[in-house]
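Data block below; observations after.
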Amino acid sequence: MPIMRAAFASAFDADNPLAALTVGDRPEPTHPQEDWVTVQVRASSLNHHDLWSLRGVGLSADQLPMILGCDAVGTDPDGNEVVIYPVVPTPGDPRGVSILSEHFAGTFAERVAVPQMNLLPLPDGLSAIDAACLPTAWLTAWRMLTTKGRVGDGESVLVQGAGGGVATAAVALGVALGKRVYATSRHADKRERITELGATALEPGARLPERVDVVIETVGAATFDHSLKSAAPMARIVVSGATAGHEAKVNLRRVFAMQLEILGTSMGTPDELTQLLAFCAEHEVRPVVDRVVPFGRIEEAFARLNSGDVFGKVVIDHTA
Ligand SMILES: NC(=O)c1ccc[n+]([C@@H]2O[C@H](COP(=O)([O-])OP(=O)(O)OC[C@H]3O[C@@H](n4cnc5c(N)ncnc54)[C@H](OP(=O)(O)O)[C@@H]3O)[C@@H](O)[C@H]2O)c1
């Protein structure tokens, strides 16, 4: 059986996800349907999702070994440079879809199989490294700000836990959309870098100079009360993650008195990814990249993400 190199979950470890990661040989991709194609991966990027998978969140033991990775840019069978939209129709899943690495093998491999319709052209001016950051974290942030958050003219945004992949995307996109952006981080050096991106950086829990119209929440229990307190009347609090705990205490009086909307969201549509790619190419917005790691040293990339020290995206170069 032909084989390729891949990084995959071979077990689960809730406390030490790195111990559940294996880098080794896996069979070449197969096509569950006729309309699937194999893409040669050029660049991919890590998401917190990959650590959740290693902890056993969202995967079951009978799905192991599972190749990890949601994001990739690569070359299709006709030689076109393509960005992979990672949400795949999945009969049997209650959502009707799944993200690559949940039911179908992910992108941390030499090659990955996806439905043909999940391939979008890589726009001129965007490198494979930059575009590999966009399909999960940046797409999520784009939808949080636009479709879900409905951020309008003259409105302001608060981003919690601003060092993360989704959070740095929300800061950079919010600034590029011309909004007043506030962002919290626990670390002074990250707050400094947030300021360099054009946002006002604050310590977690700090009082903002104004109440905001949109809150970008990926932290969860640790920051949710501050998100509620910082929200202006009619504000939208958009939640796409709960890195620091999913059981937040919610002051319902504040929710109804201020007429707040708490909105859950996950990933985005292919049209939203197309809009995001065009926006980044046209407005010269580039992802915040923490570091680029060669595919042969992907374990280092996982260790970096797991350390919590990242500022932006950890990207894998599959050509190095
Ligand atoms: N629903 C979706 O479609 C979707 C898509 C992408 C991500 N997500 C979810 O969104 C979350 C973030 O993902 P990511 O890839 O951006 O993760 P990441 O890059 O690992 O970032 C996580 C950030 O959370 C903050 N944080 C962690 N623990 C905290 C605590 N105790 N108190 C305050 N802040 C804390 C940190 O910010 P500071 O260090 O700056 O304080 C950290 O940088 C994850 O839970 C992920 O599963 C969901």
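Readers should treat all values here as calculations from the given coordinates under stated rules, not as data from a laboratory. What you see is a predicted model; the values in this text were computed from it and never measured. Cβ atoms come from the backbone with ideal geometry, glycine included; neighbour counts cover every protein chain shown.
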### Query
Over the chain, what is the relative contact order in whole percent, taking alpha-carbon pairs under 8 Å and six or more residues apart?
17 percent
### Task
Working from Cα positions, state the angle (0 to 90°, nearest 10) between the long axis of helix 270-282 and the longest principal axis of the chain.
80 degrees
### Query
Based on Cβ point charges of +1 for Lys and Arg and -1 for Asp and Glu, what charge dipole magnitude is obtained for the chain about its Cα centre, in debye rounded to the nearest 20?
1200 debye
### Query
Mind checking Rg over Rh on the chain, alpha carbons, Kirkwood formula for Rh?
0.96
### Message
Using only Cα atoms and rounding to the nearest 10 degrees, what angle (0 to 90) does helix 298-307 make with the longest principal axis of the chain?
### Response
20 degrees
### Message
Limiting things to C-alpha atoms, what are the Rg and the maximum Cα-Cα separation (Dmax) for the range 175-296, in angstroms?
### Response
16.1, 54
#### Entry: Qualifying lysines (Cα of each under 25 Å from Cα of Lys313; at least 8 residues distant if same chain)
Lys148, Lys179, Lys190
### Query
Expressed as a fraction of 2.2 N^0.38 Å, the rule-of-thumb size for a compact globular protein of N residues, what is the C-alpha radius of gyration of the range 106-257?
1.11
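If Lys and Arg each add +1 and Asp and Glu each add -1, what is the summed charge of the other residues whose beta carbon sits under 14 Å from the beta carbon of Gly163?
Charge balance near Gly163 sits at +1.
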#### Entry: Per principal axis, descending, Cα span of the range 148-194 in whole Å
30, 17, 14
### Query
What Kirkwood hydrodynamic radius, in Å, does the range 80-176 give when the mean of 1/r is taken over all pairs of distinct Cα atoms and then inverted?
15.2 Å
